[in-house]
1. Restrict the check to the stretch 175-184 and report whether at least one residue is over 23 Å from the mean Cα position of the chain (by Cα), polar (S, T, N, Q), modelled with pLDDT under 95 and outside any helix (DSSP H, G or I).
2. When you look at V189, is it among the β-branched types (V, I, T), farther than 30 Å from A319 by Cα and not in a strand (DSSP E or B), yes or no?
3. For the stretch 419-433, enumerate the residues that are in contact with a His (Cβ under 8 Å, 6 or more places away or on another chain) and open to solvent by 20 Å² or more (accessible area, probe 1.4 Å).
4. Let me confirm something: among G267, G279, G250, which residue is surrounded by fewer than 23 Cβ atoms within 10 Å (Cβ to Cβ) and under 19 Å from the mean Cα position of the chain (by Cα)?
5. Which of the residues that make up the stretch 234-244 are aliphatic (A, V, I, L, M) and open to solvent by 10 Å² or more (accessible area, probe 1.4 Å)?
6. Does D153 satisfy being under 19 Å from D74 (Cβ atoms) and of a type in the set (D, E)?
7. Might you let me know whether the stretch 413-435 holds any residue that is within 25 Å of L314 (Cα to Cα) and in contact with an Asp or Glu (Cβ under 6 Å, 6 or more places away or on another chain)?
8. Can you report the number of residues in the stretch 386-418 which are more than 15 Å from G368 (Cα to Cα), open to solvent by 10 Å² or more (accessible area, probe 1.4 Å) and either without any contact (Cβ under 8 Å) to a residue 24 or more places away in the chain or not in a loop (DSSP other than H, G, I, E, B) (or both)?
Amino acid sequence: MQTNFTLAQLSDPETARSEHILRKCVHCGFCTATCPTFVLLGDERDSPRGRIYFMKAMLEGDRAPTESEVRHVDRCLSCLSCMTTCPSGVHYMHLVDHGRHHIEERYVRPWPDRLLRRLLAWLMPRPTPFRWAMVLGRLARPLAPLLPAASADPGGATFLRRVRAMLEAVPDRLAGPSPVDRPQTFPAVGLRRKRVALMPGCGQQVLAPEVNEATVRLLTRHDIEVVNVAGSGCCGSSVLHVGRNEEALGLARRNIAAWIHEIDGAGLDAIVINASGCGTTVKDYGAMFADDPQWREKAEQVARLARDVSEVMLEVGLANVTPRPLTVAYHAACSMQHGQKIVEPPKTLLRDAGFAVKDVPEGHLCCGWAGTYQVLQPELSRRLRDRKVANIESVRPDIVAAGNFGCVGNIAAGTGIPVVHTVELLDWATGGPQPRALGGH
């Protein structure tokens, strides 16, 4: 793609990187076939290629984006399926992050939109306020049927429709804070083979604390010492994806500082992450701090150590397996298969644990969760979830497994088939308790 940035514009490192990304695009359109929003809407403006043109125009023009440009960029899920498909290596993730930051800096949204986005950006990285918001949401949820169930906007991006989506997303059951999520060290059961940090996350602590609990049991049972490092928490993706770059960098710095302190102290063999969306972001810390001489080397060191829990478990292998005669439909979270390029390890582990594993038709398409997308674009999110559920149910599994807590909760809301995190099944198969979704306690 031909670009026309000025030398002054290219003196900005972020713009220079985006210009390099833009020039790789050859307009082939392969990305449109795998883009969830284009598949649903059939609108070129809601495809990666269309959004690339919009972002090129707003960045080259060094101007505030139009309402139309913002609307279509907002509909992007950041599922990164286009990056898997692209034959030219266009790094769409970095480009759309730049585009969102530009929108956040230069575009004045209507006040209800600003209010909602600020609320979500403040709540999501903070587990305690987020938990209280869920409690209040449960009290207010009976009001949801009084709010609009549809919207003139195809994405459902109107204030009252979004408020309804927020209330509908409040879970029926809310577990209390898990003791596992406090800073501490969990010793290996046997002779220590590895020492790893477990990223505690943020939203997962509130919505799915059982995932960290199962991860600690699984790792320590396989002779891995696990430390929950004081100061670590939200990866920053929840605010990065709404264009609030400085807040994302601040959250990332806290993690980097905490983990580097631990690396320089007792040492770490890996930083284990069990929410694939977080894993994609932490593995990108080096790029996020590429222009910061104070933090770049530390960020790169952390990114090199970041591993999905499935990668670590595939290295050490499962021990003392009790096979379960159940069929598992494996849902590959977008951040896992497209963001981190991890495709086979989770399925291999599930098979090693004795499960019969089935792939899901249209497995490359997003389930519609995408963090805040479930609230900000509720109609598109719901349509994608319903499509995903139909594909899952077509293979008639006993259980659905996924490596991202958001996907687990989103899919579970649309089907009666039990949906669990992959690590819960691995924990169960190697001596842990039966997952609660399967009737365990």
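1. no
2. Values: among the β-branched types (V, I, T): yes; farther than 30 Å from A319 by Cα: no; not in a strand (DSSP E or B): yes.
So V189 does not fit the description; no.
3. P433
4. Within the list G267, G279, G250, the selection yields G250.
5. Here is the first cut: in the stretch 234-244, the residues aliphatic (A, V, I, L, M) are 239-240, 242.
Those that are aliphatic (A, V, I, L, M) and open to solvent by 10 Å² or more (accessible area, probe 1.4 Å): L240, V242.
6. Values: under 19 Å from D74 (Cβ atoms): yes; of a type in the set (D, E): yes.
Yes.
7. Initially, the stretch 413-435 is screened for residues within 25 Å of L314 (Cα to Cα), giving 418-435.
Imposing the further condition that a residue be in contact with an Asp or Glu (Cβ under 6 Å, 6 or more places away or on another chain) reduces the set to 435.
Within the stretch 413-435, one or more residues are within 25 Å of L314 (Cα to Cα) and in contact with an Asp or Glu (Cβ under 6 Å, 6 or more places away or on another chain).
8. Selection size over the stretch 386-418: 4.
The values are calculated or read from the model by the stated rules, or taken from the named source; none is laboratory data. Here the structure is a predicted model, which means the values were calculated and not measured. Cβ coordinates were reconstructed from backbone atoms using ideal geometry, including for glycine residues, and neighbour counts include every protein chain displayed. Note: areas computed on protein heavy atoms with side chains; ligands, DNA, RNA excluded. Shrake-Rupley method; radii C 1.70, N 1.55, O 1.52, S 1.80 Å.
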